[in-house]
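A.B. asks: Before anything else, here's the structure in question.
Derivation of every value follows stated rules applied to the coordinates shown; laboratory data play no part. If you're wondering where the values come from, they're calculated on a predicted model, not measured in any experiment. Cβ placement follows ideal geometry from the backbone for every residue including glycine, while neighbour counts extend to all protein chains displayed.
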Amino acid sequence: MKHEQTGRQESLAIRFEDVVSGQFDAEDTQVTAPLKRVLTPQPESPKLHKVLAQAGMGSRLEMEQLIMEGRITVNNEPAHIGQRVQFGDHVKVNGKPIRFRIEPPPARVIAYHKPAGEVVSNDDPQNRPTVFRKLPKLFQGKWQAVGRLDLNTEGLLLFTSSGELANNLMHPRFGLEREYAVRVLGALSPEEKQRLLEGVKLDDGLASFGSIEPGGGEGANCWYRVTISEGRNREVRRMFEAVGHAVSRLIRIRYGAMVLPRGLKRGAWMELDAADINALTQKARNSAATASADAGAPSPDEGATLAQPPRLPLRGPRPAGRNQGGRNNKPANNANAAAKSQPDPLKTNFGYIGADSYNRQRQEQGSKRGAGSGSSGARRIGRSR
């Protein structure tokens with residue numbers, strides 16, 4: 001049963017072999033009906049007079065009277081009857097700040113399949129298409145990109161409403177691994193491959209790949225599957241250029257244990273379910289704890305109460321058919337290589353993060369098309385118009 005479940009999850013994720021064989025591009029050109037570009041609403045923010053009454057300022061009627069008299073402000077603006085407040089708002093009564101407690105909204109995470117030609121920026125001086133124009137509306141807070149992809153790079157791009165989660169996912173000290181399919185001009189020699197694994201000197205310091213696996217190719221175009229644990233500007237391209245090879249195509253197919261779902265078209269997004277967000281958050285915490293332990297510093301979550309016991313770091317052999325024989329690791333004298341090595345997400349207890357979310361949403365979308373209109377609280381998949 002577990003083997004069958006793992007097989008189903010693998011079929012829902014883009015693999016390196018799919019990119020090299022051309023199936024990745026073939027599936028994206030298939031015409032499908034556009035999915036609704038919406039997000040499910042979060043619980044409403046509480047009303048101001050109710051929050052103040054619960055804070056011990058008086059009855060609700062008394063608070064409404066103070067609001068009408070203009071004696072209460074929210075974020076330095078006069079409050080009004082029926083106004084709602086949310087986490088982070090500043091409330092003053094008669095000019096004095098009032099302490100009240102509102103639980104922060106739960107983190108929301110979406111996976112976006114970025115096409116080439118879009119910039120990861122809210123405001124581009126050259127007025128080029130940006131990824132943020134295609135994202136669904138967020139009623140509270142704003143979307144934060146987890147790292148960046150340059151203009152000509154495609155693939156998986158994560159967004160979240162939580163600044164803390166975004167930092168844990170992309171900060172170099174946490175070492176979350178990124179996996180790319182890279183097409184370069186000309187095959188790498190053994191010496192060039194060894195240089196990329198040991199480290200090449202760039203303008204902003206030394207950079208190295210965690211692994212490099214050949215993926216074949218036609219003519220002068222050669223595919224490689226590479227992993228790296230940081231996200232400096234155009235780092236993968238600059239590393240190949242440093243050894244004399246130009247990158248003609250670059251696709252990110254994995255970020256940590258989150259893999260680009262198969263069937264998610266370019267320019268489309270998918271929101272993760274609560275279970276997948278919890279798994280993603282827990283892995284970020286595990287990475288933060290590991291990084292803190294390596295540095296001899298206390299974990300950032302020390303003393304915090306977790307909703308569930310932390311999962312152990314995932315381990316397992318790489319799956320068959322993924323160029324095991326061609327894998328090249330860093331030299332054994334790198335003491336941090338073992339500590340920072342990342343598990344292959346194909347071999348985990350719960351499979352790829354995001355696979356179940358995508359599968360459930362596709363099934364729900366199909367049932368809605370067959371059953372007609374109806375309401376549901378499940379997260380959606382969206383397609384940019």
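A.B. asks: When the convex hull of the Cα atoms of region 48-97 is projected onto a plane and the area is averaged over all directions, what value comes out in nm²?
C.D. replies: Working: hull surface 11.9 nm².
Here the figure is 3.0 nm², rounded to one decimal.
A.B. asks: Hey, another quick one. Between GLN126 and GLN54, what is the label-point separation in nm under the 7 Å Cα-to-beta-carbon projection?
C.D. replies: Inter-label distance under the simple model: 4.9 nm.
A.B. asks: Rounded, prolate or oblate for region 69-162? Axes are the square roots of the Cα gyration tensor eigenvalues, ordered a ≥ b ≥ c, and the cut-off for rounded is a/c under 1.5.
C.D. replies: On the way: a/c = 3.79, a/b = 2.57, b/c = 1.48.
Since a/c reaches 1.5 and a/b is larger than b/c, the shape of region 69-162 is classed as prolate.
A.B. asks: Over the Cα atoms of region 112-231, compute the convex hull volume and normalise it per residue, giving Å³.
C.D. replies: Details: hull volume 16.2 nm³, N = 120.
About 135 Å³ per residue, rounded to a whole number.
A.B. asks: Same structure again: Of the cross-linked pairs LYS114/LYS265; LYS50/LYS92; LYS114/LYS283; LYS142/LYS283; LYS134/LYS265, which ones have a Cα-Cα span greater than 18 Å in the structure shown? It would help to have the intermediate numbers written out before the result.
C.D. replies: On the way: LYS114/LYS265 9 Å; LYS50/LYS92 15 Å; LYS114/LYS283 23 Å; LYS142/LYS283 23 Å; LYS134/LYS265 13 Å.
Table pairs above 18 Å Cα-Cα are LYS114/LYS283; LYS142/LYS283.
A.B. asks: What nm value, rounded to one decimal, do you get for the distance between VAL243 and GLU198 when each label is placed 7 Å out toward the C-beta?
C.D. replies: The answer from the label model is 1.1 nm.
A.B. asks: Hey, can you grab everything whose amide H is under 5 Å from the amide H of LEU149? Only 5+ residues off in sequence or another chain; H modelled, so Pro and N-termini drop out.
C.D. replies: VAL120
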